[in-house]
Amino acid sequence: MSRVAVRPYDTADRAAVLAIFDSNLPEYFGAGDRGWLEETLDEPDGPAFVVTVDGVPAAFGGYEIWDHYNKALLYWGMAARRFHRCGLGRLLLFERLVHVARHAEPPTRYVTVDTSPLVAPFFRRCGFASTAVWPEGYRSGMEMHELHFDLAATTIDALDEQRRAALIAVEAAVASV
């Protein structure tokens, strides 16, 4: 049986997701961001997912569709600190990209994300292109990097293969955690 699974977020996951967030302070999020996450968990703007390890949420993130633009926006991609560098973020990212490609309503071409300077290189390694850098772009004072992924430049099958490869890599990595 697989130790790692991706499934839709459920309100019963709330405390675990907040613990994941807290494990990433202060390097990855500003102190004032927790309230924003709580609002998101109470009323998600779109599909949200958890990656579980042995049934326990270990990563969280979702996306929303911007109806007036040809894009989806990723929100709250994070993994519990003890699982950093195990590939949960990559698995969660490709799960969301596949979901956008298959289920976005209306269908959309671009997937965008805004993130910190620490995390932006991860997205570039996964095929995102930088679009802007905003000094003090977050109210917390952190610099904001905007990036996008062009779904028209790939196929659902290729994204699905990257998701499967990420799952295999995560399974191997968590075996040693």
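Observations on the structure shown:
- Between the C-alpha center of the stretch 1-61 and that of the stretch 70-85 there is a gap of 9 Å.
- Share of carbon and sulfur in the accessible heavy-atom surface of the chain [1.4 Å probe, %]: 54
- Accessible surface calculations at 1.4 Å, restricted to protein heavy atoms, place the chain at 52 Å² per residue.
- For the chain, the dipole from Cβ point charges (+1 on Lys and Arg, -1 on Asp and Glu) about the Cα centre works out to 680 debye, to the nearest 20.
- Matching label, log10 I(q)/I(0) by the Debye sum over Cα atoms at q = 0.08, 0.09, 0.10, 0.14 Å⁻¹ computed from the structure shown, candidates (i) -0.31, -0.38, -0.47, -0.89; (ii) -0.22, -0.29, -0.36, -0.73; (iii) -0.34, -0.42, -0.50, -0.85: (ii)
- Amide H contacts under 5 Å for residue 4, placed H, 5+ residues apart: 54
- Summarising the label geometry, the points placed 7 Å from Cα in the beta-carbon direction at residue 130 and residue 7 lie 4.0 nm from one another.
- In the chain, helices alone account for a calculated mean residue ellipticity at 222 nm of -10500 deg cm²/dmol, with every DSSP H run of four or more residues adding -39,500 (n - 2.57).
The values are calculated or read from the model by the stated rules, or taken from the named source; none is laboratory data. The structure displayed is predicted, hence computed values, not measured ones. So basically every Cβ, Gly included, is an ideal-geometry build from the backbone, and we count neighbours across all protein chains shown. Calculation scope for accessible area: heavy atoms of the full protein, side chains included, ligands and nucleic acids excluded. Shrake-Rupley method; radii C 1.70, N 1.55, O 1.52, S 1.80 Å.
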